[in-house]
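The values are calculated or read from the model by the stated rules, or taken from the named source; none is laboratory data. The model shown is predicted, which means the values in this text are computed figures rather than measured ones. So basically every Cβ, Gly included, is an ideal-geometry build from the backbone, and we count neighbours across all protein chains shown. Areas reflect the complete protein model, heavy atoms only, side chains present, ligands, DNA and RNA absent. Shrake-Rupley method; radii C 1.70, N 1.55, O 1.52, S 1.80 Å.
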Amino acid sequence: MSRRLSLMALDGRPPAFDTPVPVGQLYFPSWERYRAAMAGVWERGWFTNHGPLVQELEQRLATFLGVRHAICCTNATVGLTMLMRCLGIRGRIAIPAFTFIATAQAARWAGLEPVLLDVDPETHMMGPAQLQPLDDAVPAAVAGVDLWGGACDSIGLAAWAQARGVPCILDSAQAMGVCRAADSVPRVFSLHATKVLSATEGGCVATDDDDLAALLRNMRSSYGAGAPVAVPVTANGRMSEAQAAVGLMSLQDLPTNISRNQQLHAAYMEALRDIPGVETLQPTGAYRSNWAYLVCRIDSVAFGLPRDGLVRFLHSHNVLARRYFYPGVHRSVPFIGAAAAETLPATEALSACLVQLPLGARTDNAVVNRVAQLVHDAHRLAPQLRQALQGAA
Ligand SMILES: *Cc1c(COP(=O)(O)O)cnc(C)c1O
């Protein structure tokens, strides 16, 4: 899908937006706050290696998340890789095929082979029901993934794993600020710029397990932090002071940003309500969402256009709507063929019909209304757009 700035939209009009409207959260502190925070970093002359801001962020995150340990690191992919490596297992790890590729890549970096399972067609997440095919071939670990500001059934996944004596972890990259029923599953959050809590880049492993935390702190860098314990390998997964400074300000702003997201989400629900073939998803499995994802399911027959046609129309209006996730992990290099498509009907269907619309710092009510109007237009102009898309193909 083209990301070039469009000069003329597919319906022959000038684009609805002069500059591209991104999908990611992109909440950042003001330049003044950033400058003041950086001045402190420069004054101390302590730029990385588990500095005071990283330590403060870890404490604040542990309190916020209600866990004994929050271990901050470079990004969630490195956090997942370290966590999987710390489990001390070999062999296969069960993950959903409908996830961001990083879940599967982290498994490979940790020397594990991902077993790709389907997801629930309603929640879009993997739960204990999806693990059933593995009853006779139990993997070495299970990794659930939280999606769309919701929470997967981590209690069910953990119970399945515990009954078989294998560890369970979570890719909670999307789930900072999501409140769910308490479990004791170690999890990894992403603090990437597109996520609701941003350190520009960053990740955080959260756990109540003291031994696991010690392993992670020693694996995170070659000099370690805290009491030294033996680890099989060390990494450079350190978070810098600059990252932590942004993360701390973002954590301060989190309640405001989540409320803002919630209001925008509600505005989209209202504005997209009456369009045939468009279903706006509500977060599931959590009692409080971070409202960071606006995901629609497109029924191509009722809507008049397939999902990809709508995405190309929106791109031509400089709305950078995303096919999220497309394709499934089983169709992505280097995992092509890792699972047969027939075993993943929900993943196959979802990767063909979901679209993610802008929500976050670059979106306001006016943007929501204009984007929703474009979706209306795409439905109204569907016959004409089908022809234009054929010509352009
Ligand atoms: C964003 C995301 C990641 C990767 O996070 P990074 O911090 O960019 O490494 C992993 N899994 C899921 C589900 C994500 O959405």
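Any chance you could get the radius of gyration and Dmax over the Cα atoms of region 245-393, in Å?
Rg and Dmax of region 245-393, Cα atoms, are 17.0, 51 Å.
Per 10 Å bin from zero, what fraction in whole % of the C-alpha pairs of region 302-343 is there, up to the bin with the longest pair?
Taking all Cα pairs of region 302-343, the binned fractions are 25, 34, 30, 10 percent.
For the chain, count all C-alpha to C-alpha pairs, find those more than 42 Å apart, and express that count as a whole percent of the total.
Values: 10382 of 77028 pairs.
Cα-Cα pairs in the chain separated by more than 42 Å: 13 percent.
From the protein chains alone at 1.4 Å, what is the descending order of accessible area for Thr19, Thr200, largest first?
On the way: Thr19 95, Thr200 60 Å².
Output order, biggest surface exposure first: Thr19, Thr200.
Assuming a ≥ b ≥ c are the square roots of the Cα gyration tensor eigenvalues, decide whether region 51-113 counts as rounded (a/c under 1.5), prolate (otherwise, with a/b larger than b/c) or oblate.
Numbers: a/c = 2.34, a/b = 2.15, b/c = 1.09.
Here region 51-113 falls in the prolate category.
Rounding to the nearest 10 and keeping the result within 0 to 90°, find how far the Cα-based axis of helix 31-44 lies from the longest principal axis of the chain.
Tilt of helix 31-44: around 20 degrees.
For region 117-253, which whole percent of the accessible surface, found with a 1.4 angstrom probe, sits on carbon and sulfur atoms? Each step should come with its number before you reach the end.
Details: 2480 of 4670 Å².
Of all accessible area on region 117-253, carbon and sulfur atoms account for 53 percent.
Please give the solvent-accessible surface of Cys86 in Å², to the nearest 10, using a probe radius of 1.4 Å with every protein chain present.
Rounded to the nearest 10, the figure is 20 Å².
For Leu117, which sequence-distant residues (separation of 5 or more, or a different chain) have an amide H within less than 5 Å of its own amide H, given hydrogens modelled in the peptide plane?
When sequence neighbours closer than 5 places are left aside, the close amide H contacts are Ile95, Ala97.
Using only the heavy atoms of the protein chains and a 1.4 Å probe, how would Asp210, Asp377, Asp120, Asp18 rank by accessible area, largest first?
Working: Asp210 75, Asp377 5, Asp120 45, Asp18 135 Å².
Ranked from most to least accessible, the order is Asp18, Asp210, Asp120, Asp377.
Taking square-rooted eigenvalues a ≥ b ≥ c of the alpha carbon gyration tensor, is region 336-389 rounded, prolate or oblate, where a/c under 1.5 means rounded and, failing that, a/b exceeding b/c means prolate?
Working: a/c = 3.70, a/b = 1.59, b/c = 2.32.
Oblate, because a/c is 1.5 or more while a/b does not exceed b/c.
Report the Cα centroid-to-centroid distance between region 119-180 and region 370-393 in angstrom, as an integer.
38
Would you mind checking the tilt of helix 365-380 against the longest principal axis of the Cα atoms of the chain, expressed as 0 to 90 degrees and rounded to 10?
Tilt of helix 365-380: around 50 degrees.
Report in % the part of the accessible area of region 7-80 that belongs to carbon and sulfur, leaving out ligands and nucleic acids; probe 1.4 Å. Mind showing how you got there, number by number?
Details: 2380 of 4010 Å².
The nonpolar share, carbon plus sulfur, comes to 59 percent.
How much accessible surface does Glu32 have with a 1.4 Å probe, in Å² rounded to 10?
110
Once you have all Cα-Cα distances for region 88-168, histogram them in 5 Å bins from zero and send the whole-percent values.
Histogramming region 88-168 at 5 Å steps yields 3, 17, 29, 26, 18, 6, 1 percent.
Calculate the dipole size of the chain relative to its Cα centre from +1 charges on Lys and Arg beta carbons and -1 charges on Asp and Glu beta carbons; express the result in debye to the nearest 20. Display every interim value, and only then the final one.
Details: 32 positive and 32 negative charges, 182 e Å.
Value, rounded to 20: 880 debye.
Indicate the gyration tensor shape class of region 215-279 (rounded, prolate or oblate), computed on the Cα atoms with a ≥ b ≥ c the square roots of the eigenvalues: a/c under 1.5 is rounded; otherwise a/b larger than b/c is prolate and the rest oblate.
Values: a/c = 4.99, a/b = 2.58, b/c = 1.93.
Prolate, because a/c is 1.5 or more and a/b exceeds b/c.
Could you check which residue among Asp136, Asp208, Asp299 shows the biggest mean-square fluctuation in a GNM of the chain with a 10 Å Cα cutoff?
Checking each option, the largest mean-square fluctuation is seen for Asp136.
Once the piece of chain linking Arg370 and Gln59 is laid out straight, how much longer is it, given 0.36 nm per residue of separation minus the C-alpha distance between them? Present the calculation step by step, with values, prior to reporting the outcome.
Working: separation 311, 0.36 × 311 = 111.96 nm, distance 4.12 nm.
Length gained between Arg370 and Gln59: 107.8 nm.
Any idea what Rg and Dmax come out to for region 162-207 if you just take the C-alpha atoms, in Å?
12.2, 39
Tell me, what HN-Hα J-couplings in whole Hz come from the Karplus equation 6.51 cos²θ - 1.76 cosθ + 1.60 at θ = phi - 60° for each residue of region 283-294, using x for Gly and Pro?
x, 10, x, 10, 8, 9, 9, 9, 6, 8, 10, 10
I'd like to check one number: the per residue accessible area of region 218-319, probe 1.4 Å, reported in Å² as a whole number.
I get 40 Å² per residue for this part.
Can you tell me the relative contact order of region 151-266? Whole percent, Cα pairs under 8 Å, sequence separation 6 or more.
Working: 147 pairs, mean separation 21.4, N = 116.
RCO, region 151-266: 18 percent.
Calculate the dipole size of region 133-210 relative to its Cα centre from +1 charges on Lys and Arg beta carbons and -1 charges on Asp and Glu beta carbons; express the result in debye to the nearest 20. Write out the running numbers ahead of the final one.
Values: 4 positive and 10 negative charges, 42 e Å.
Approximately 200 debye in magnitude.
In the Gaussian network model of the chain, springs joining C-alpha atoms below 10 Å, which of Thr280, Thr343, Thr99 carries the largest mean-square fluctuation?
Thr343
Just to check I understand the Karplus step: with θ = phi - 60° and J = 6.51 cos²θ - 1.76 cosθ + 1.60, what whole-Hz values come out for region 248-258, glycine and proline as x?
Running phi through 6.51 cos²θ - 1.76 cosθ + 1.60 with θ = phi - 60° gives 5, 5, 5, 5, 4, 7, 4, x, 4, 5, 5 Hz.
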